[in-house]
Amino acid sequence: MTAPPWWVHEARRCGRQAFLLPVLAALLAFTAVATGSGAGVVLDRALLSCALPTAAALACAAVLAREPMVELHLSLPTPYPRTVARRLAWPASVTAIAALALVALVAATGHHPGPLTTLLELSGLTTLLSGAAIWATVRTGSAAPAAGLIVAAVLAKLLLVDRVVPEGTAQAVPALLAGGWLLSLALRALRPGRHPVPGSAMAPRTSAPGRHE
């Protein structure tokens, strides 16, 4: 009996949330926009711009947080950051497909005039929230701080950034850069020899043999 390919193994390690969350968020955003009467245009716009990036970031955090054998990965020939990047490619791919489908469907309904602007905004916010979620999860070893950081970032966008910064490139480019920087910091912290803060995913574990934390 042959072993499954590495990509099948990584998909299993990601868990169902890596595939379900982005799809469900895209369906929610499309339903809100397609059935909106106009009175709730602010809510519709918020769901369209934030639902999918939020779900993608939560999925990335969950993928990292559910890994119970970090020390074992560090002892393997394959660098652990490469394993993490390879595993995160699954929620990233599902999110990209969901984003393209969402923008295409919304454009087909005629409810939103700028599909390229929407796609750019989704890409920027998804990169920013996912980078922040991955960084927070790596530093703390838990998805809970990442969820709090995601909520704070989304509220800051809706209540502050959208009021002072024009939509489109002005928001997307800084978000892409900041998200990429946070992701690089997180992957760098996973390298052997790094010393993250206590309680992080890289911190030594002292639990008794056979106990799973």
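The values are calculated or read from the model by the stated rules, or taken from the named source; none is laboratory data. Please read these numbers as outputs of a predicted model, since none were measured by experiment. Neighbour counts run over all protein chains shown; Cβ positions are idealised from the backbone, glycine included. We work out accessible area using only protein heavy atoms, side chains counted, and drop any ligands, DNA or RNA first. Shrake-Rupley method; radii C 1.70, N 1.55, O 1.52, S 1.80 Å.
Mind checking whether some residue in segment 69-80 is of a type outside the set (Gly, Ala, Ser), modelled with pLDDT of 90 or more and open to solvent by less than 70 Å² (accessible area, probe 1.4 Å)?
Step one: list which residues in segment 69-80 are of a type outside the set (Gly, Ala, Ser), which gives 69-74, 76-80.
The next check asks that each one be modelled with pLDDT of 90 or more; those that pass are none.
For segment 69-80, residues of a type outside the set (Gly, Ala, Ser), modelled with pLDDT of 90 or more and open to solvent by less than 70 Å² (accessible area, probe 1.4 Å): absent.
Please work out which residue is surrounded by the fewest Cβ atoms within 10 Å (Cβ to Cβ), limiting yourself to segment 152-169 and to residues that are touching a residue at least 40 places away in the same chain (Cβ under 8 Å) and in a helix (DSSP H, G or I). Show your work before the answer.
Going residue by residue through segment 152-169, those that are touching a residue at least 40 places away in the same chain (Cβ under 8 Å) are 154, 157-158, 167-169.
Narrowing the set further to residues that are in a helix (DSSP H, G or I) leaves 154, 157-158, 169.
Working: Val154: 19, Lys157: 22, Leu158: 15, Thr169: 12.
Result: Thr169.
Per-residue answers, yes or no, for (1) at pLDDT below 90; (2) more than 13 Å from the chain's Cα centre (by Cα):
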position: Pro113; (1), (2): yes, yes
position: Leu122; (1), (2): no, no
position: Ala152; (1), (2): no, yes
position: Pro166; (1), (2): yes, yes
position: Ala172; (1), (2): no, yes
position: Leu187; (1), (2): yes, yes
Problem - Residue check, Thr118 more than 20 Å from Gly180 (Cβ to Cβ) and assigned to a helix (DSSP H, G or I) - result: yes
Practice task
Could you please give the count of residues in segment 101-115 that are open to solvent by 20 Å² or more (accessible area, probe 1.4 Å) and assigned to a helix (DSSP H, G or I)?
Solution key: 7
Exercise for the section: Give segment 137-151 a look and list any residue that's over 28 Å from Leu116 (Cα atoms), open to solvent by 50 Å² or more (accessible area, probe 1.4 Å) and β-branched (Val, Ile, Thr), or say none. Expected result: Thr140
Handout entry: Sole exception among (1) modelled with pLDDT of 90 or more; (2) touching a Phe, Trp or Tyr at 6+ places or on another chain (Cβ under 8 Å) for Leu21, by number
Key = (2)
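Those residues that are of a type in the set (Gly, Ala, Ser) and open to solvent by less than 20 Å² (accessible area, probe 1.4 Å), I need them from segment 121-136; list them, please.
Kept after step one, since they are of a type in the set (Gly, Ala, Ser), are these residues of segment 121-136: 123-124, 130-133, 136.
Across segment 121-136, the qualifying residues are Gly124, Ser130, Gly131, Ala132, Ala133, Ala136.
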